[in-house]
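The structure appears below as structure tokens.
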Amino acid sequence: MTERPAERGSYHHGALPEALVAVAFELLDEAGQESVTMREVARRAGVSAGAPFRHFADRRALLTAVADRVLADFESWQRAGIAAATGAGDGAVDGTGDQRAVLRALGLGFVRYAVRHPHRFALVRSRVFAPAPQPELRERLSGIDRAYTEVIVADQEAGLLRPGDPELVGFAGQALVYGLAQMVLDGYLPAEKAEEVAAQVLDTLGRGIANPR
């Protein structure tokens, strides 16, 4: 959870953009992106109503900056999940733990994050899972995609996954966990059963559902 800025109303010019994003992040968690307005962010930050416009052209630009912060937080969340699954202290797969647990941990991490932070998920969905993802987020998204692909390639080379296009494998996994998360948030699956169901689905697909011929 992002911490509140320490001394609102006394920011120097360089610190104000970060402080405004932090305040917007708080508002997002409290009541969703509809509550994030330039006026309310300025009021809560203790600055003039026009101050945010010196750093963000409009509300869309501010929400994009918040989405980037959400993606950074999500990256940290996923690294922690990998570390817990593999026993790697820095979130890397270093051979000291169970590599087979990595993709499962990533999938469960996605669902857990979305269910625990529904407003963050909704914001990222509107900015990323859209016909034209915002270009300002491209660098962050490319980094996340590269990390997933590297995990898949490593598991394929180790014989833990079948050969195949790693990007397609990653896309299939992303579609699966995105769908699971959305089904929970839509109320189709009960939130209290989200992690249990997600684990069962991931394990089922991990074993494969087609009979070998």
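Bear in mind these aren't lab numbers, they're just calculated from the coordinates by the rules spelled out. Nothing here was measured: the structure is a model prediction, and the numbers come from that model. In this analysis, Cβ positions are derived from the backbone assuming ideal geometry, glycine residues included, and neighbour counts consider all displayed protein chains.
At 7 Å along Cα-to-Cβ for each site, give me the label-to-label distance between Arg138 and Phe171 in nm.
1.9 nm
Between Arg146 and Tyr178, what length in nm is gained on full extension when 0.36 nm per residue of separation is reduced by their alpha carbon distance?
Extra length from Arg146 to Tyr178 when fully extended: 9.7 nm.
Assuming 0.36 nm per residue, please report the length gained on full extension of the stretch Phe129 to Phe53 beyond their Cα-Cα distance.
That works out to 24.7 nm of additional length.
Give me the one-decimal Kirkwood hydrodynamic radius in Å for segment 120-207, with the sum taken over alpha-carbon pairs.
14.7 Å
In sequence order, what are the phi-derived ³J(HN,Hα) couplings for segment 44-55 according to the Karplus relation 6.51 cos²θ - 1.76 cosθ + 1.60 with θ = phi - 60°, rounded to whole Hz, with x for glycine and proline?
Result, ordered by residue: 5, 7, x, 10, 5, 4, x, 4, x, 6, 6, 10 Hz.
Students often check this: by mean Cβ neighbours within 10 Å, which of 119-125, 65-71, 47-53, 139-145 ranks highest, and how do the rest follow?
65-71, 119-125, 47-53, 139-145
I want the local charge near Arg140. Using Cβ-Cβ distances under 13 Å, sum +1 for each Lys or Arg and -1 for each Asp or Glu among the other residues.
The answer is -2.
Can you tell me how much longer the chain between Val201 and Arg79 gets when fully stretched, taken as 0.36 nm per residue apart minus their C-alpha distance, in nm with one decimal?
Residue separation times 0.36 nm, minus the Cα-Cα distance, leaves 41.7 nm.
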